């Protein structure tokens, strides 16, 4: 089958750049190449996994040339049969809700793709709306406020609090604030650097757990992964990407069966509340009393071979190749009502 892998590693071919640019790592930052190598490694691994089972692949940039490139690679079939599918790895390069850009182009052109829709990618990219949705579904999440100045009333928020941009991922701008006197400076830093509101939420002192989910109807929930938070108590951008500070992952997380079931149930509820498709990762904190709280959900999680998602899947018995091809399979089944014909895909 023809599979186009769409990324935005070098999407310079645009008419213009408008709005907020994609965030850069904290400055000064000598190891920015480390992150780029992770992204490049992910792309190579995904392409290799798809080729391993016989798919014809094409690597595309998510820029203004994308639709013309796709039309050449997977031309319309006269009998309206599937001529190809996109494996979407693009996160956008600029503007508001940039993660929706490539899926919206594909929707307009009638090209099937892996992952969530533009609407729900945009909604989950907004941490405030996400927290409201999952809370309305009965899922516990830390108390929060939205701030622009840092002088707004904190109401009944308890310190310490975590301050972060409302619309970013990868822990960009994440700060732990211990005292009310430090809050305005932290909020100002977010607003100034990221040109958006700050989300201020109560810090949950405890363990950080990630849950990876795969599917659409009946979900496959992989074993939970615990992140070693070290002495900082938060999982910052630096901890994710600086090799010297990389944190070990424990999978399956060492939690009791009752708590493991509860974590699984609220992760599935979060997936459903945010109408995710195909795959997603839910990030949680478990406090000292054993109460889990959902921090956020990522409908486009990293798929590097060492990522949390891949770690969980491989603990569950998948190879990396079977994970990538299973994501493609469930997307194809969702789009066309049939799985990918063998021998292209095997479980």
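Looking at this structure, is residue 39 under 17 Å from the mean Cα position of the chain (by Cα), closer than 18 Å to residue 89 by Cα and either part of a helix (DSSP H, G or I) or at pLDDT below 70 (or both)? Taking the combined requirement at face value, the residue satisfies it. Of the residues examined, residue 306 is one that is within 30 Å of residue 201 (Cα to Cα), outside the structural domain of residue 42 (by TED's automatic domain parsing) and part of a loop (DSSP other than H, G, I, E, B).
Identify the residue in the range 97-118 that is outside any helix (DSSP H, G or I) and in contact with a helix residue (DSSP H, G or I) (Cβ under 9 Å, 6 or more places away or on another chain) and, among all such residues, is nearest to residue 195 (Cα to Cα). By that ranking, first place goes to 97.
Selection of the range 178-190 for residues being in contact with a strand residue (DSSP E or B) (Cβ under 8 Å, 6 or more places away or on another chain) and surrounded by 17 or more Cβ atoms within 10 Å (Cβ to Cβ) yields 183, 186, 187, 190. Against the list (1) under 25 Å from residue 92 (Cβ atoms); (2) surrounded by fewer than 19 Cβ atoms within 10 Å (Cβ to Cβ); (3) modelled with pLDDT under 90; (4) touching a strand residue (DSSP E or B) at 6+ places or on another chain (Cβ under 7 Å), the condition residue 173 fails is (2).
Quick one: in the range 328-347, which of the residues that are at pLDDT below 90 and within 22 Å of residue 303 (Cα to Cα) is surrounded by the fewest Cβ atoms within 10 Å (Cβ to Cβ)? Top of the filtered list is 347.
Taking the criterion of being touching a residue at least 12 places away in the same chain (Cβ under 8 Å) and farther than 27 Å from residue 123 by Cα, the residues of the range 319-337 that qualify are 320, 321, 322.
Selection within the range 77-101: residues that are at pLDDT below 95 and in contact with a strand residue (DSSP E or B) (Cβ under 6 Å, 6 or more places away or on another chain). The member of this set that is farthest from residue 67 (Cα to Cα) is 94. Filtered by the rule that a residue be without any contact (Cβ under 8 Å) to a residue 60 or more places away in the chain and either assigned to a strand (DSSP E or B) or surrounded by 19 or more Cβ atoms within 10 Å (Cβ to Cβ) (or both), the range 207-231 gives 221, 226.
The values are calculated or read from the model by the stated rules, or taken from the named source; none is laboratory data. In this text, all values refer to a predicted model and were calculated from it rather than measured experimentally. Note: ideal-geometry Cβ built from the backbone for every residue, glycine included; neighbour counts use all protein chains shown.
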